[in-house]
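*Asks:* I have a structure here, written as structure tokens, and I will follow up with some questions on it.
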Amino acid sequence: MSRIASRLLVVAALIAGWAAVFLAPAAPASAHAVLEGTSPAANSIVPTPPPQVVLTFSEGVRQVPDKIHVIAPDGSRADTGQPTFDGPNVTVPLKSGGANGTYLVNFRVISADSHPIAGAFTYSVGAPSAAPTDSNTPVVAESTFLKIGYPVVKYLGYAGLVLLIGPALVLALLWPHRLARRDPSRLAWSGLGLITLSTLGELFLQAPYSTGGGYFEGAALRDVLGSTFGTAHLVRIGVLAASAFLLRPLLAGRSGVADRALLVILGVVGLATWPLSGHPGASEVPSVSVVVDIAHLAAMAVWLGGLLMLGAFLLRQASPRELGAILPVWSSWATLAVTVLFLAGVVQALIEVATFKALFTTSYGQLIIAKVVLFGAVIGVAAFSRNLVRKRTAPDNPRPIRRLVLSELGVTAVVLALSATLVQTTPARTAEANQVAAEQPGYFSQMITTSNLLNLQVEVDPAKVGNNDIHLYAYTKDNQPQVVVEWKGTASLPSAGIENLDIPLLGLAPTHSTGAIQLPRAGQWQLKFVARTSDIDQATVTATVPVS
């Protein structure tokens with residue numbers, strides 16, 4: 001491969017890396033926690049106004065100021081005071097004496113891994129009515145700038161780690177004394193600048209990302225700075241500032257052992273701010289996830305940064321004698337870094353993917369597969385390079401190994417882009433939980449208004465093949481509770497020739513009846529109910545229930 005071709009390969013890979021960032025699932029579209037339940041239940045009808053609404057999530061959440069609203073049937077606010085956050089449970093107190101009708105619950109909270117969760121549901125008191133709208137918290141469309149900007153600043157942060165840690169390590173331990181340090185030092189300072197830019201960019205974008213509001217809302221920014229996400233980023237800025245004073249003598253070749261030891265400590269603390277403000281800090285085993293992610297980031301930065309120093313400087317400027325001493329040491333470092341990367345990646349995947357099925361059925365799992373495939377390609381190239389070092393042909397003729405190093409860097413640029421996308425993608429364990437929840441038995445609820453005598457709220461749970469619970473609520477034509485003296489019900493599936501299966505019904509209250517029936521097949525079931533309201537008045541109501 002010619003020098004021009006190898007450079008074109010690197011440029012193409014870098015462009016592909018950026019394309020992976022832009023074309024992958026947009027960051028703000030993913031919420032990393034699940035709303036597991038509500039009280040009152042979504043779409044349910046309760047006889048009296050509840051004193052509170054409770055939201056239960058799959059993990060702990062924190063508040064976005066004034067982003068949880070309960071709207072009464074007349075459009076006014078039904079909530080009062082501040083919601084109470086207790087781990088995964090959010091309790092919203094309601095005003096007493098609420099009117100009958102349908103209520104809207106509109107919410108936006110922040111999950112433990114700093115990603116927003118937004119949604120809405122309705123419930124009804126007494127009888128359903130037209131669902132109200134929440135004019136105070138309109139649905140906020142994520143801006144294109146935010147969708148693109150978030151993964152880009154993540155990518156810049158990872159690129160900065162590579163440019164800072166790798167060159168600093170090589171300059172401290174492997175750089176020949178006779179070679180000038182100006183250009184590789186500039187590389188390290190550029191890395192420090194990119195990390196700073198990425199950190200400030202994440203803080204700036206987190207406020208509109210989490211609140212759905214504007215970019216310059218002071219209250220939202222204060223809320224972000226007071227969160228775990230904000231604290232981690234402020235610590236990172238402090239580490240970067242302290243590191244800047246210690247980097248100058250190290251890059252100039254004048255640092256002592258104490259300075260280097262202090263830089264290592266600062267580096268570990270700084271690296272910890274990435275997992276603490278992301279998925280690992282909210283995993284099922286956070287202590288393991290955080291340590292593994294620190295090791296993963298450090299190994300990545302050492303390996304790629306070292307490769308960059310080899311390809312850009314050492315293989316071009318060092319003498320054969322110098323390369324003969326440098327390359328075996330670097331080869332050992334690279335082997336250790338790759339081993340740590342592999343083991344850390346396996347542990348991370350086991351925690352975040354959880355099941356083999358999720359590896360193929362979720363975006364997170366598919367991105368993991370793509371990373372593994374590219375990682376395998378890089379390992380193949382690295383193995384070939386290591387073979388050249390073992391044969392001791394590289395010091396005398398560094399061109400082949402330099403081309404291989406440039407190829408490694410090109411492919412890993414794409415891997416880096418996939419990593420930036422992964423941290424903004426819903427973890428497979430959560431995505432699979434969402435899928436399972438979506439596949440769980442459904443729920444049919446409909447107000448039938450065809451009768452001239454009454455309206456009937458028909459609820460079938462779970463509307464699946466097998467046993468189903470049925471609830472019936474009777475109302476007058478003006479949606480007031482209607483007393484029913486006697487209930488009867490039958491079920492039919494005309495498409496399968498199933499006719500008039502009896503539904504035993506039991507009156508739980510003068511206006512409410514319940515029953516159960518075994519539905520043997522999927523299809524459009526016709527449930528017919530006869531409600532007698534007096535000795536001479538009765539109504540027949542038919543509901544078409546899709547059963548899967």
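The values are calculated or read from the model by the stated rules, or taken from the named source; none is laboratory data. As the structure is a computational prediction, the values presented were derived from the model and not from experiment. FYI the Cβ positions are ideal-geometry reconstructions off the backbone, even for glycines, and counts take in every protein chain you see.
*Asks:* Report every pair of residues separated by at least 6 positions or lying on different chains whose Cβ atoms are under 7 Å apart, first residue within region 48-75 and more than 21 Å from V125 (Cβ to Cβ), second of a type in the set (D, E) and surrounded by fewer than 18 Cβ atoms within 10 Å (Cβ to Cβ).
*Replies:* Pairs that qualify, where the first residue is more than 21 Å from V125 (Cβ to Cβ) and the partner is of a type in the set (D, E) and surrounded by fewer than 18 Cβ atoms within 10 Å (Cβ to Cβ), are F57/E36; S58/E36.
For every residue, the table says whether it meets (1) surrounded by fewer than 16 Cβ atoms within 10 Å (Cβ to Cβ); (2) of a type in the set (A, V, I, L, M, F, W, C); (3) in the same structural domain as L297 (by TED's automatic domain parsing).
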residue: T231; (1), (2), (3): yes, no, yes
residue: G238; (1), (2), (3): yes, no, yes
residue: L251; (1), (2), (3): no, yes, yes
residue: A261; (1), (2), (3): yes, yes, yes
residue: G267; (1), (2), (3): no, no, yes
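*Asks:* Still on this structure: Cβ-Cβ below 7 Å, separation at least six or inter-chain, first residue in region 80-104 and on the phi > 0 side of the Ramachandran plot and in the same structural domain as P40 (by TED's automatic domain parsing), second assigned to a strand (DSSP E or B) and among the polar types (S, T, N, Q): which pairs?
*Replies:* Partner pairs satisfying both residue conditions: G101/S124.
*Asks:* Would you please name the residue that is farthest from A180 (Cα to Cα), looking only at residues in region 230-270 that are free of Cβ contacts under 8 Å to residues at least 60 places away in the same chain and hydroxyl-bearing (S, T, Y)?
*Replies:* Only one residue tops the list, namely T231.
*Asks:* Further, regarding this structure: When you scan region 458-536 for strands (runs of 3 or more DSSP E) that lie fully inside it, which ones turn up with 2 or more residues that are aromatic (F, W, Y) and surrounded by 13 or more Cβ atoms within 10 Å (Cβ to Cβ)? Break it down stepwise before answering.
*Replies:* Working: elements: 466-475, 486-493, 498-502, 505-509, 512-519, 523-532.
Qualifying strands (runs of 3 or more DSSP E): 466-475, 523-532.
*Asks:* Still on this structure: Search region 34-91 for residues being β-branched (V, I, T) and out of contact with any Ser or Thr (no Cβ under 8 Å at 6 or more places or on another chain), and hand back the single one that is surrounded by the fewest Cβ atoms within 10 Å (Cβ to Cβ). Spell out how you get there, then give the answer.
*Replies:* Our first condition is that a residue be β-branched (V, I, T); within region 34-91, this holds for 34, 38, 45-46, 48, 53-54, 56, 61, 64, 68, 70-71, 80, 84, 90-91.
This time we only want the ones that are out of contact with any Ser or Thr (no Cβ under 8 Å at 6 or more places or on another chain), so: 48, 68, 70, 80.
Values: T48: 9, I68: 21, V70: 25, T80: 12.
My answer is T48.
*Asks:* When the residues of region 93-149 are narrowed to those that are β-branched (V, I, T) and over 30 Å from D478 (Cβ atoms), which ends up modelled with the lowest pLDDT? Quick ask: steps written out before the conclusion?
*Replies:* In the first step, residues of region 93-149 are kept if they are β-branched (V, I, T); the result is 102, 105, 109-110, 117, 122, 125, 133, 137, 139-140, 144, 148.
Subsequent filtering for residues that are over 30 Å from D478 (Cβ atoms) retains 109-110, 117, 137, 139-140, 144, 148.
Numbers: V109: 85, I110: 83, I117: 78, T137: 50, V139: 42, V140: 45, T144: 67, I148: 78.
Going through the qualifying residues, I end up with V139.
*Asks:* Could you count how many residues in region 338-352 are in contact with a helix residue (DSSP H, G or I) (Cβ under 7 Å, 6 or more places away or on another chain) and surrounded by fewer than 22 Cβ atoms within 10 Å (Cβ to Cβ)? Let's see the steps before the verdict.
*Replies:* Applying the first criterion (in contact with a helix residue (DSSP H, G or I) (Cβ under 7 Å, 6 or more places away or on another chain)) to region 338-352 yields 338, 340-341, 344-345, 347-349, 351-352.
Now narrow it down to the ones that are surrounded by fewer than 22 Cβ atoms within 10 Å (Cβ to Cβ): 338, 340, 344-345, 347, 349, 351.
Number of matching residues: 7.
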